[in-house]
1. Which order, highest average first, do 150-162, 50-62 follow once you tally other Cβ atoms within 10 Å for each residue and take the mean per peptide?
2. Could you grab the relative contact order for segment 41-165? Cα pairs under 8 Å, six or more apart, rounded to a whole percent.
3. Taking amide H positions as placed in the peptide plane 1.01 Å from N, state which residues far from L100 in sequence (5 or more) or on other chains have amide H under 5 Å from it.
4. Over 21 Å between C-alpha atoms is what I'm after, so list which of K83/K168; K50/K130; K50/K109; K83/K163; K50/K163 land there.
5. Calculate the all-directions average of the projected area of segment 92-173's alpha-carbon convex hull, and give it in nm².
Amino acid sequence: MKFPPLSSLLVVALGSLAFAEDTSAPPAAKAPAAAPAPSPIVLRVQQSNKMVAPEKSLTRTQSRFLKLFLSNSSHDDVSLKIKYAFFGHTVNEHSDFVVLDGEKDATVKPAIITEEDTPTATVTETRASKNKPASGEVIIGYGVQVFQGDKLVAEAFEPSYMKDLMGKAPAAPKGTPAPGKPAAKATPKPKATPAKN
């Protein structure tokens, strides 16, 4: 009884592997972030930052607001809604959060640069001392989005990765309960009853 050569068996085996169906599912694609639509509106952002540190004090206050410059290359007035946010992080944990956000309306006329200012965001930082570590928050960036109706027509983020925080509620001050949750009530201490003789 004759057996086929070993080389032919290897060819058949490799061929069956080559044509085996790949049933593994492809990795899920991440949805791309929405980009501004083509528009005659152009946005430019200028930051104004201020740091106040009293002499011989470990605490300093940082404040920042934005000047927004909007231009319109069309021949008609354009009504816009501007959404803005300031981003910060905690000194100890470096957790990113929204310091302040809001929105405002603006009308931009043709061939004229319109200037809009945001409110001022403020945080406080305490530097480390011999007995205590540093604490508080610092402002690290901003985000601005401009909408014409429901259409995003311009945006600016600094740094760019902070876009993921846009639209999230600002962090509540320490000691403030989360929305929808009542503040915790302190449990009264029982009064001492004098012993009877």
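FYI, it's all coordinate maths here, none of it is from the lab. Here the structure is a predicted model, which means the values were calculated and not measured. Cβ coordinates were reconstructed from backbone atoms using ideal geometry, including for glycine residues, and neighbour counts include every protein chain displayed.
1. So the order, starting with the most tightly packed, is 150-162, 50-62.
2. Reported as a whole number, the value is 29 percent.
3. The list, which skips near neighbours in sequence, is F86.
4. Violating the 21 Å Cα-Cα cut-off are K50/K130; K50/K109; K50/K163.
5. 7.3
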